[in-house]
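Below is one structure, written out as structure tokens, with a few remarks after it.
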Amino acid sequence: MDSSAPGRTRLLMIDDDRKLCRLVATYLEPLAFEVVAVHDGRLGLERATDAAEKWHAVILDVMLPGLDGFEVLRGIRQKSTVPVLMLTARGDETDRIVGLEVGADDYLPKTFSTRELLARLRAVLRRAATATTPASAAAAPVQELVVGDLRVNLDARSAAMGATALVLTPVEFDLLASLAKARGRVKTREALLDECRDRNYDVFDRSIDVHISALRRKLGDDAKQPRFIRTLRSTGYMLVDPRAE
């Protein structure tokens with residue numbers, strides 16, 4: 001049963017730092033958030049993937065007892081596209097890259113300010129809401145882009161390779177949609193940044209190649225001999241139709 005209060009945003013915080021969890025809850029709860037804290041990786045994964053819980057977002061620490069944050073994130077991504085904001089103890093670049101590759105939507109070093117946490121949360125929640133908002137009945141006909149076996153439905157924010165649906169994070173979908181709209185033409189990193197402008201630019205600029213790498217894996221692409229997403233050195237990326245080659 002969904003026990004959330006009407007109008008409140010439900011957050012699951014998986015972190016063994018109980019003091020930090022209390023601090024986050026104290027700051028966010030007056031702002032219409034409901035914060036539930038779990039201090040163990042295994043229990044956190046169980047709670048995060050329980051469909052009855054209906055979480056709006058997950059705040060996930062990297063260092064956890066039971067299962068580490070990356071293992072928890074992998075488990076979440078097998079069952080859910082809930083937005084995940086990862087916390088790293090030192091803001092370590094390796095942790096950030098691994099987290100983004102596994103499917104995190106954003107990350108913060110544990111030196112974050114509460115205001116920055118709120119801003120990042122609102123950004124990932126805004127993007128997730130856009131991804132799940134159904135198209136209006138009075139809207140224009142469904143916009144679907146077809147590139148080879150790849151189909152990208154812009155209205156439903158969904159994509160499929162042949163008969164297989166692709167499980168994409170909101171950022172991955174936005175990048176794929178941008179590339180599909182410009183199929184056969186190069187998209188610079190700056191253009192991709194502009195179309196994903198809800199993101200923090202500095203953060204996204206450092207991780208854009210990681211998101212492209214994740215997209216390639218989900219498309220079954222080989223980075224050395226890509227069929228769909230090609231890299232134009234020092235310029236950007238281009239989506240091509242392999243059947244037209």
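Read-outs: derived from the displayed coordinates by stated rules, not from any lab. Note that this is a predicted model, so its numbers are computed, not measured. Note that we place each Cβ from the backbone using ideal geometry, even for glycine, and neighbour counts take in every protein chain shown.
Brief remarks on what is shown
- The DSSP beta bridges internal to the chain are antiparallel in roughly 50% of cases.
- Evaluated at q = 0.17, 0.20 Å⁻¹, a Debye calculation over the C-alpha positions of the range 144-244 (equal weights, vacuum) places log10 I(q)/I(0) at -0.71, -1.01.
- Approximate spin-label separation E101-T26, in nm, with each point projected 7 Å along Cα-to-Cβ: 3.8 nm
- About the Cα centre, charge dipole magnitude for the chain (Lys/Arg +1, Asp/Glu -1 at Cβ), debye: 460 debye
- On Cα atoms only, tilt of 201-219 relative to the major axis of the chain in degrees: 60 degrees
- FRET efficiency, 1/(1 + (r/R0)^6) with R0 30 Å, evaluated for E195 and E46 via beta carbons: 0.25
- The chain - percent relative contact order, Cα under 8 Å, separation 6 or more: 13 percent
- DSSP bridge analysis restricted to the range 144-244 gives an antiparallel fraction near 100%, rounded to the nearest 5.
- Calculated mean residue ellipticity, 222 nm, the chain: -12500 deg cm²/dmol, from DSSP H runs (n ≥ 4) at -39500 (n - 2.57) each, averaged per residue and rounded to 500.
- Using C-alpha pairs below 8 Å separated by at least 6 residues, the relative contact order for the range 144-244 is 28 percent.
- Taking all pairs of distinct alpha-carbon atoms in the chain, Kirkwood radius in angstrom: 18.9 Å
- If the convex hull is drawn through the Cα atoms of the range 9-132, its volume per residue in Å³: 94 Å³
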